[in-house]
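Just so it is clear, none of the values below were taken in a lab; they were calculated from the coordinates. Keep in mind it's a predicted model, so treat the numbers as computed, not measured. Positions of Cβ are backbone-derived with ideal geometry, glycine not excepted, and every protein chain shown enters the neighbour counts.
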Amino acid sequence: MRRRSARRGSNFSSAGRIATAIAQHPREFVAMVMSTVAIFAIVINALFLQKGPHPAPIFAARPLLHKDATVPPRLPGTPSHLSSDLAAQARAQLIANIQRELSRKAFYDGPSDGIWGSKTDAAVRDFLQASGLKVNPEANETLLHAISNYVAKPATAPAAPAPPTADPIAKLIAPSKRIVSIQRALADFGYGQIKATGVYDPETRSAIEKFERDHRLPITGQISDRVVRELAAMTGRPLE
């Protein structure tokens, strides 16, 4: 009995101390009670009142796999590096074919190495300028087809120069064999210091006039047929 009474006395004393503390600090007690109530409310809401998973759970739950969920099979395919290698080989072969056709058409004199360099680019542009085609100057099947079907136009021969026309003035002033013969005959028979140039000049005219006076011919100073006959008779040879 004494022990039970002692326990009751200690409980009453503890309750009294708690009551005294509450009386001394009512605000802190109210805050503690509200915090406790709030914590319990949050825990109950999170555990029992949420219809779905919490957006930020304390312990992340791993999703359960359904028995009927199957992983789709991996489709067989070509690796990316292999496809890029095949594309590079196809482009190199296309460029080599273009270079070969350009060489056949005399637009390119380099190797068919499948490399699109400055020489190949210049040859393609020369071809497009010569053919007049509106084709993209890049490595493609359209360009290869255009080069393969190109037929160069035959070069036209330059026109022959027109024959020179006879110049009547030049013909008159050109040396004449007949005049040379007449000048020599007149000089041989003392009708002046005449040079046999084959050109009818004032010295030749004066000598003919003097010859005409001596032979009683009409004085004209011209190389007439009568003067030629008289000179030929005097020299004993034809004057040509």
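Here is how the numbers come out for the structure above:
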{"read-out": "Net charge over other residues, Cβ less than 13 angstrom from the Cβ of G190 (K, R count +1; D, E count -1)", "value": "0"}
{"read-out": "Percentage relative contact order, the stretch 82-148, counting C-alpha pairs under 8 Å, at least six apart", "value": "33"}
{"read-out": "20 °C / 1.002 mPa s Stokes-Einstein diffusion coefficient of the stretch 82-148, Kirkwood radius on C-alpha pairs, µm²/s", "value": "179"}
{"read-out": "Difference of contour (0.36 nm per residue) and Cα-Cα distance, S224 to A106", "value": "35.6 nm"}
{"read-out": "Convex hull volume of the stretch 172-235 per residue (C-alpha atoms, cubic angstrom)", "value": "75"}
{"read-out": "Anchor K105: aspartates and glutamates whose Cα lies under 16 Å away (excluding residues fewer than 8 positions away in-chain)", "value": "D121, D126"}
{"read-out": "Backbone HN-Hα couplings from phi across the stretch 137-150 [Karplus 6.51/-1.76/1.60, Hz, Gly and Pro as x]", "value": "x, 9, 6, 7, 5, 5, 5, 4, 5, 5, 5, 5, 8, 6"}
{"read-out": "Environment charge at S148 (Cβ cut-off 15 Å; Lys +1, Arg +1, Asp -1, Glu -1)", "value": "+1"}
